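Every read-out reported here was derived from the displayed coordinates using simple, explicitly stated rules and does not represent laboratory data. Note that the structure is predicted; figures quoted are calculated from it, not measured. As a convention, Cβ positions derive from the backbone with ideal geometry for all residues, glycine included, and neighbour counts pool all protein chains shown.
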Amino acid sequence: MHLQRLLFRQQQSLSLEIKNYCIEKIFMKTDDLNKKKKLRLLVDRKEIAWFPVVDASVCNGCGDCEIFCKPGVFTPGKQEGVQRPKMTVSNPDNCIVLCTRCQPRCTAGAITLPRPEDFERFVEYVA
Ligand code: SF4
Ligand code: SF4
């Protein structure tokens, strides 16, 4: 009987620990979300030379960057022969300043972006 009670208490204490852990995780996630701030440009977008550059000698025309980039920065170039067309940066001003998300998507390593630290002065973060 005594053993049963002991086991019951241990179970209760364990479930309380799990509950607290879950609550902690939920709050951590909320905090992380709150930390995400909006970015406001301090000058006209056209004055900010932030956009990707595609190295045509490396690009294999897979099209991943075009699919991935929702602002529509990329467009396939002219088809030459049987090879897939190389990607081009057709709408550089659509590129979101300080976004770097397409770079790791390009497994060929054809995309380069400027150094973010050189462009921090063009933006401010708002809550
Ligand atoms: S993801 Fe890279 S290799 Fe593929 S089309 Fe874009 S630039 Fe070219
Ligand atoms: S940096 Fe972001 S917005 Fe700019 S081209 Fe890449 S994915 Fe699109």
Restricting the search to the range 55-108, which residues are part of a strand (DSSP E or B), touching a Phe, Trp or Tyr at 6+ places or on another chain (Cβ under 8 Å) and within 30 Å of Glu124 (Cα to Cα)? Thr88, Val89
Filter result for Thr75 (more than 8 Å from ligand 2 (Cβ to nearest atom) and among the hydroxyl-bearing types (Ser, Thr, Tyr)): yes
Among the numbered conditions (1) aromatic (Phe, Trp, Tyr); (2) touching a Ser or Thr at 6+ places or on another chain (Cβ under 8 Å); (3) within 16 Å of Leu41 (Cβ to Cβ), tell me where Phe122 comes up short. (2)
